[in-house]
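> Got a structure for you, questions after.
The values are calculated or read from the model by the stated rules, or taken from the named source; none is laboratory data. Note that the coordinates shown come from a computational prediction; the quantities given were computed from them, not determined experimentally. FYI the Cβ positions are ideal-geometry reconstructions off the backbone, even for glycines, and counts take in every protein chain you see.
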């Protein structure tokens, strides 16, 4: 078994359940050796990684070499970072030393890109050890994680269900307890969608807050990178390490997080209107999550949003055009190496005119100004992360609230709002649907307000237990299709 109750020098640590902050503290106190920890995680990746197909590659030698260096630094009394010795994974579209990056695409499979994205360099400077690259939806261009050069990623809660995408591998490895944190990217929900579908926490920072250099783009107007972990507390540790270093910044982030976590009487806007419909079980879980805030003393304020259909259409037009522009360098000579799904999207983007693209950007600016006025005086906005729980791998359509739509559109229609406005958004586990699959709650915050937002999410987790729920750890890869219970 991977999780030994006596692991870690007899301190009763269950490594599968241990979070980032807990592991870092144990390592700093000398209660857990870094080599011991990394060896344990690598063995578990070998033993269980194929169950969900969460990984694109693993670098054993580099991880163990860095673990030995981390242990030596501690024995010498060196100053160490907040993530010292913590093993993590990085999505396959983020350039990472010691790994090739192919964005899970056959286009780059034979010649993966090399490099060191600044966000990865900062995580390593904070002491994190990158042990693996995670599987993803090809080029981050999809919300299911079924289209990948490495094959589909499966949901740890039900191996017949999708993880959501495009950061599905990052979500699956955290949900199954293989690693405590993974990096994801988000253009229309690609951190938050799989976080909700797999029952973990994930944050999309505000646009431009995390350095995007070295991240293979999907659509530069919307792209963001952020951490995925089990709890909001772990997210703030990870995000703090990913942001550009500045004097006193970490202390300010910690103060913002703790102040928001302690504040009970806040005003939270609840997004309502056309475009926020959900399946019955998801709606019930959302109502129960709001009740947690009410019981803490929060005031909930309905915030009608008009024009979500136009938001979705404009988001698509911008994303399609920008993605096709980037891929002009590949699509001509390597079209057959894309999966059919992604190739079709790239060809569709070629038909977006400059007039349509600029009109969508103008609408985006105007909508953002109006949306900012709606947020005035509110600590955050609340909405369900997804309208349904994770659909089956083989299903291309879902039904909810009396309508049928594609799985892709169902997964992205609400999450894309945070990308469209550029605002930070965090998804946290908030229940289970009728099928037993996880449900997620999203909180959207103010520009630059990531750590206050995470403090509010941590306050919710202080008074709920959904982030502590775990899928079954072991089991054979399932076959066949699952009925999507609505």
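> Output the residue which, of all residues in segment 365-399 that are touching a helix residue (DSSP H, G or I) at 6+ places or on another chain (Cβ under 6 Å) and assigned to a helix (DSSP H, G or I), is surrounded by the fewest Cβ atoms within 10 Å (Cβ to Cβ).
Checked segment 365-399; the qualifying residue surrounded by the fewest Cβ atoms within 10 Å (Cβ to Cβ) is 368.
> Every residue in segment 177-197 that is crowded, with 24+ Cβ neighbours inside 10 Å, over 15 Å from residue 419 (Cβ atoms) and out of contact with any helix residue (DSSP H, G or I) (no Cβ under 6 Å at 6 or more places or on another chain), please.
183, 196, 197
> Take residue 349 and tell me if it is in contact (Cβ under 8 Å) with a residue 12 or more places away in the chain and surrounded by fewer than 13 Cβ atoms within 10 Å (Cβ to Cβ).
The answer is no for residue 349.
> Report yes if some residue within segment 7-24 is out of contact with any helix residue (DSSP H, G or I) (no Cβ under 9 Å at 6 or more places or on another chain), at pLDDT 95 or above, more than 27 Å from residue 152 (Cβ to Cβ) and not in a loop (DSSP other than H, G, I, E, B); otherwise report no.
The answer is no, given that none of the residues of segment 7-24 is out of contact with any helix residue (DSSP H, G or I) (no Cβ under 9 Å at 6 or more places or on another chain), at pLDDT 95 or above, more than 27 Å from residue 152 (Cβ to Cβ) and not in a loop (DSSP other than H, G, I, E, B).
> For segment 259-301, how many residues are loosely packed, with under 13 Cβ neighbours inside 10 Å, part of a helix (DSSP H, G or I) and in contact with a helix residue (DSSP H, G or I) (Cβ under 8 Å, 6 or more places away or on another chain)?
The total comes to 2.
> Looking at (1) crowded, with 24+ Cβ neighbours inside 10 Å; (2) within 30 Å of residue 358 (Cα to Cα), which is the only condition residue 220 fails?
Only one criterion in (1) crowded, with 24+ Cβ neighbours inside 10 Å; (2) within 30 Å of residue 358 (Cα to Cα) is unmet by residue 220, namely (1).
> Which residue is surrounded by the fewest Cβ atoms within 10 Å (Cβ to Cβ), if the candidates are limited to segment 226-236 and must be closer than 16 Å to residue 452 by Cβ and either without any contact (Cβ under 8 Å) to a residue 12 or more places away in the chain or touching a strand residue (DSSP E or B) at 6+ places or on another chain (Cβ under 8 Å) (or both)?
232
> Please enumerate the residues belonging to segment 198-211 that are closer than 28 Å to residue 321 by Cα and in contact with a helix residue (DSSP H, G or I) (Cβ under 8 Å, 6 or more places away or on another chain).
Of everything in segment 198-211, those that are closer than 28 Å to residue 321 by Cα and in contact with a helix residue (DSSP H, G or I) (Cβ under 8 Å, 6 or more places away or on another chain) turn out to be 202, 203, 204, 205, 206, 207, 209, 210, 211.
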